[in-house]
Amino acid sequence: MPRLALAALLALATALNAAAAPVRTPHVEAELLAERTAIVPGEPLTVALRLAIIPGWHTYWRNPGDSGEPTRIEWRLPPGFEAGAIEWPVPERLPAGPLMNFGYQGEALHLVRIDTPRDLVPGTAVTLAARAWWLVCEVRCIPEDAELAVTLPVASRAQPDPRGAGPIAAARARLPAPAEALAGWKLAAHAVPEGVALDLAPPQGVVVPEARFFPFEEGKIEPAAPQRLEATDRGYRLALARAAQPVGAFDRVAGVLALSPPGDPSPRAFTIDVAVAPAAPGGSFAGLALVAALLAAFAGGLVLNLMPCVLPVLAIKVLGFADAADTRAGRRRGLLYGAGVLVSFWVLAGLLLALRAGGEELGWGFQLQSPAAVALLALLFFALALNLSGVFELANIVPARVAAAGANGPSLDAFLTGVLAVVIASPCTAPFMGAALGFALTVDAATAFAVFTALALGMALPYVLLAWFPAWLARVPKPGPWMLRLKQALAFPLYATAAWLAWVLGRQAGPDAVAWLLVAAVVAGLAAWIAGLPGDRGPVARTAVALLAAAAVAIAALPRDATTAAAAAEANWQPYSRETLAALLASGRPVFVDFTAAWCVTCQVNKRLVLASEETLAAFRARGVHLVRADWTRRDPEIAQALAEIGRSGVPAYVVYKPGRAPLVLPEILTRERVIAALDG
C-alpha cells in the first residue's frame, strides 16, 4: 500500500477514534482501545476495555474474593464478528477488615479478542460497540456502567494504533502465561485436613521468595486465609486453606499462580490447573495425618454420645441393661448395636463420597440439608416422645405378627437403635470431628472409610462396653416403678430434639414450613391417641391410625420453598420501600436503614462485626428501633433515589430516621459506639 494511502488510513482511524471520547463517571474513566488502526478481514483484532480508576478506589477480578462483582462486557457487533472472553491481568490482594478481595487499582485493561469475517469490504468502516458494567469500591461500593464504542476502517493492512497498541502490549505482558511456560517446573497438589498443599519444584537454582494463588472459582479457597510458602527438600509448598463456605468439590487447583523471584519488580504469573491427589505423595506426612485423623475421629465419636441429639436414645437403651437378666443376650445386643452404628456410618460415608464424586458439594449431616428430611425426622422424634410418654404402645399399631416378631427379636431392635443413633447424630459435630471429617472428604475412598470407621467405633464403644460388662451397672437400682418414671422423663429430651429440628426447618424453609410441620404433628398426635385408647383395636381403628400416620408423613414431606430461608434468617429486618419507611416513622419510633448489597465488601464487614452483633441488636431493641434493610444487590431505582436524597451514590449507607427530624447519615465504617450515639443523638 502506498505511503500516502497508509497516512490517509491512519488519519481516518485517528479521526474516527477521536469521535469516541472516553466516558467519565465520578470514579472511573472508561473507553475501548483498539490494537491496530484498521480491521483486516479475517484477522483477529484485540480490543481493550480500559478503566482508569481514581486513587483509593478499585474494581474487581473475575473472582472478586470475599465480596464484589467482576467487570462484565456485553458486545453489540456487526454480523460475522465474534468476541471472546475477557483476558484478565493478574489481580492484587485487597484486604478489607477480616475479608479479602481480588481486583485492580489505578488503571486496568481488560483485553478481548474479536474475530472478524473474511467478506468485509476495504474502504468501509465498522463500529464495535459494547456496554460495560463494573463495581468500583473504596469504603463505599458503587455499580457503574457505560456505553462504549470504537469505529475502525476496513483495510487489507493495518498499523499499530498509536493510542491503543502500547497500553495493550503492556497489559498483555501482565497476563498470566499458560502453564506450558513453566518449563522445568514440577507442580503437584494433595489434600490436607485444612485444604490443599501445592508443591512447587522449580528448576535447579531458581529461588521463589513469595507465591500467591488466585483461584478462578469462588468457594474453593478462603480468600483472607494466609498462604504460607515453606521450603521443602524438593522445592516449596504453598498451603491453601479450604473456603469456609465451599462451593463444589475442591479436586483441582485451577487459577493463577503469581511468583516473585529476586530482582523481578513485577511478579511472573502462570495459569495452572493441577489435580488434587487424595494424600501427600510419599514421606511421613500422609501417615501422620491419617493417624491424627483416626484419633480425632475416634475421640469425636466418643463425645458424640454426650450430644443432646444422641444422649436420649443412649439413655433409653441403658434402661434395657438394667432390666436385662441374660448377660449373654445383653452382650449380643451390644454388639448388634455397634454393628448398626458401624454399618450406618459406612452407608453415610458411601453416599457422601459418591455424591461428592458426582460434583455435589456436601458435608457432614448432608441429609439434613433437605427440609423434607428434617421435617420427617422431627415427626419421628415427636412420635417416639409420645411413645415414651405412654400415649401409645407400638404393639397397638402394628400387626400382631410384627409385634410378636419385635418382642421376640430384641437383636433387630438393638441393630436399628444403632442406625437411629447415627441418623440423629449426623447433624452434630462434636469436638475433634471437624478436622477428621475434613480430612476424610479429601482423601481416597479407602482412607475415608477408615476415618468413618474410627468415628463409628468411638460412638459405639461406650454402649458395647456397658453391654459386655454389665457389672458396671451394679449401682443402677433394681427394676421397679422408677423405670416407668424415668422412661417418661426421657420423652422430654426427644420433644426438645423435635423442637430443635423444627427450628432448623424454619431456618431452611421459613415459618410456613414450620406451620405445616405442626399440622403434621397434630395429625400424628391424633393417630397416637387413637392407638392408645383402651380396649381391643379392630380393623377400623387400625385403618384409621394407619391413614392418619400416612397423612402426617405426607404433610411433613411436602416440598418446601427454601427461598424464604434468607428472609427467616433476617427476621429482625424489614425490606425497604418508601411506604414501609413512612409507616414506621408514623408510629413515632426511630428507624435505622441499612443500605447494603451482597457484593459490597464494606457492607459485609459492618454487618458481621457491628450490625449482627448481639450488643448492637440489644441496643436497637432497648430503644424500640425499627430495622429496615435496603438491599441494592440487584439494581433498584427506588433505593437509588433514596441514596441520592441523602447525598450518596453507593453503598454502604446507614441512616437513622426520627419523626420530625432530618435523616442522620452515619459514616461508612461503623462501630457499635457510633450506632448507639446516633440513636441517642
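Descriptive notes on the structure:
- For LEU200, the residues whose modelled amide H falls within less than 5 Å of its own, excluding neighbours fewer than 5 places apart on the same chain, are TYR236, ARG237, LEU238.
- Gain in span if fully extended, TRP500 to ARG542, counting 0.36 nm per residue against the direct Cα distance: 12.0 nm
- Ranked by solvent-accessible area (1.4 Å probe, protein heavy atoms only, all chains present), the residues TYR495, TYR236 order from largest to smallest as TYR495, TYR236.
- Heavy-atom accessible surface of TRP500, to the nearest 10 Å², is about 90 Å², with a 1.4 Å probe and all protein chains retained.
- Spatial offset of the range 194-231 relative to the range 584-604 amounts to 39 Å, using the alpha carbon center of each.
- Distance (nanometres) between label positions extended 7 Å along Cα→Cβ at ILE669 and LEU77: 4.5 nm
- Net charge of Cβ neighbours under 15 Å - reference LEU51; Lys, Arg +1; Asp, Glu -1: -4
- Take each peptide in 590-597, 26-33, 117-124, 672-679, count the other Cβ atoms within 10 Å of every residue, and average; sorted highest first, the result is 590-597, 26-33, 672-679, 117-124.
- Solvent-accessible area per residue in the range 2-173 equals 42 Å², computed with a 1.4 angstrom probe and all protein chains kept.
- Solvent-accessible area per residue, Å², over the range 179-277 with all protein chains present [probe radius 1.4 Å]: 48 Å²
- Whole-number accessible area per residue in Å² for the range 572-680, which is evaluated in the context of all protein chains at 1.4 Å: 47 Å²
- Relative contact order %, the range 572-680, counting alpha carbon pairs below 8 Å whose residues are six or more apart: 37 percent
- Computed over the range 33-160: relative contact order in percent, which uses C-alpha pairs under 8 Å that are six or more apart: 37 percent
- Summarising the label geometry, the points placed 7 Å from Cα in the beta-carbon direction at ILE676 and ALA586 lie 3.4 nm from one another.
- Neighbourhood charge, 12 Å Cβ-Cβ cut-off, centred on ILE676 and excluding it, Lys, Arg +1 and Asp, Glu -1: 0
- Extension gain, GLU29-PHE492: 0.36 nm per intervening residue step, less the Cα-Cα distance, totals 160.1 nm.
- Carbon + sulfur, % of accessible area of the range 179-277 - ligands and nucleic acids excluded, 1.4 Å: 52 percent
- Gain on full stretching of the segment that runs from ALA181 to ALA618 - 0.36 nm per residue minus C-alpha separation: 151.6 nm
The values are calculated or read from the model by the stated rules, or taken from the named source; none is laboratory data. Since the model is a prediction, treat every value here as computed from it, not as a measurement. Counting neighbours? That spans all protein chains shown, and the Cβs are built from the backbone with ideal geometry, glycine included. Side chains included, ligands, DNA and RNA excluded: accessible areas come from the protein's heavy atoms. Shrake-Rupley method; radii C 1.70, N 1.55, O 1.52, S 1.80 Å.
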